[in-house]
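See below for the structure under consideration.
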Amino acid sequence: MRKRVLLLAVSCKTGGLCPGGLDLDEPSKWIRIVKDDGHAGAIQGREIDFAKPLDIIEFDGRPMPQGKQQENWVIDNNSCRKTESKTQDVLDWVFEKYSYTNFWGNYKAFLNEEEFNAVNMPSESILKVSEVDIYRNNNDKWKIDFNWHKAKFRIKGISVTDPDFYGNNDSVHFDNAYIVTSIPKEIDDWAHPETGEKRAYKFVSKIYKI
């Protein structure tokens, strides 16, 4: 099936990249591009013609849903080509068109097992946020804190996989931003040592200053 996608994130993933964006034939829906390995693995830059966020790509592909990530697709026959690029002006349209602009039912950095099992909405979200702080925490992990108008308090400690910030040395503050945020395809096998609770950690794959 031929697809056109406006890339909104090309984030870091173990072994490579995790690209995703809006299906331009049905922009209320997301397409995440994964490796055809049965595990939704990372792809390499050459597989998406070295496209970046806000580029439009075209490819022949097929759905490859896994777990909570029902939006996953694979590219067939090395068919992906970058066709054009957009500016950040398109983000207001994206925010208006995309169907899921919430945070999976809580204001935490993770979902517990019960919350994760109950998820029946897209695994990708777009939020408009303010007072954004991106920083390295005491465990040498990159995190983001932000205010979101639907939250009763500040959201803190969400992991960052945006390569524009991931691994940088300097903390960053933005007054306002659009962020692309996700949940994993399955719950983490790791259990909290004190509670025994298993968790699915949310992450932010792209940050756009506005």
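All of (1) touching a Leu at 6+ places or on another chain (Cβ under 8 Å); (2) closer than 28 Å to Gly196 by Cβ hold for Val94 with one exception: (2). Assessment of region 121-140 against the conditions (open to solvent by less than 50 Å² (accessible area, probe 1.4 Å), at pLDDT below 95 and under 21 Å from Ser11 (Cα atoms)) yields at least one matching residue.
On the given criteria, is Phe50 surrounded by fewer than 17 Cβ atoms within 10 Å (Cβ to Cβ) and not acidic (Asp, Glu)? Let's see the steps before the verdict.
Numbers: surrounded by fewer than 17 Cβ atoms within 10 Å (Cβ to Cβ): yes; not acidic (Asp, Glu): yes.
Yes.
Of all residues in region 60-98, those being under 15 Å from Gly41 (Cα atoms), over 18 Å from the mean Cα position of the chain (by Cα) and open to solvent by less than 30 Å² (accessible area, probe 1.4 Å) number 0. Pairing residues of region 41-53 that are in contact (Cβ under 8 Å) with a residue 40 or more places away in the chain with residues that are assigned to a loop (DSSP other than H, G, I, E, B), at Cβ distances under 8 Å and at least 6 apart in sequence or on separate chains, gives Ile48/Cys80; Ala51/Cys80.
The residues of region 185-210 that are open to solvent by less than 40 Å² (accessible area, probe 1.4 Å), in a loop (DSSP other than H, G, I, E, B) and in contact with a helix residue (DSSP H, G or I) (Cβ under 9 Å, 6 or more places away or on another chain) amount to a single one, Ile187.
Would you confirm whether any residue within region 133-140 is of a type in the set (D, E, K, R), touching a Ser or Thr at 6+ places or on another chain (Cβ under 6 Å) and on the phi < 0 side of the Ramachandran plot? No, that holds for no residue. Only one of the numbered conditions (1) free of Cβ contacts under 8 Å to residues at least 60 places away in the same chain; (2) within 13 Å of the chain's Cα centre (by Cα); (3) assigned to a strand (DSSP E or B) is not met by Thr101, and that is (3).
Applying a threshold of 7 Å to beta carbon distances and a minimum spacing of six or more residues, or different chains, the list of pairs starting in region 133-158 at a residue that is within 16 Å of Tyr201 (Cα to Cα) and ending at one that is open to solvent by 100 Å² or more (accessible area, probe 1.4 Å) and at pLDDT 95 or above reads Asp145/Lys156.
The values are calculated or read from the model by the stated rules, or taken from the named source; none is laboratory data. Because the structure is a prediction, the values reported are computed rather than measured. For neighbour counting, all protein chains shown are included, and Cβ atoms are generated from backbone atoms with ideal geometry for every residue, glycine included. What goes into the accessible areas is simple: the full protein's heavy atoms, side chains included, and nothing from ligands, DNA or RNA. Shrake-Rupley method; radii C 1.70, N 1.55, O 1.52, S 1.80 Å.
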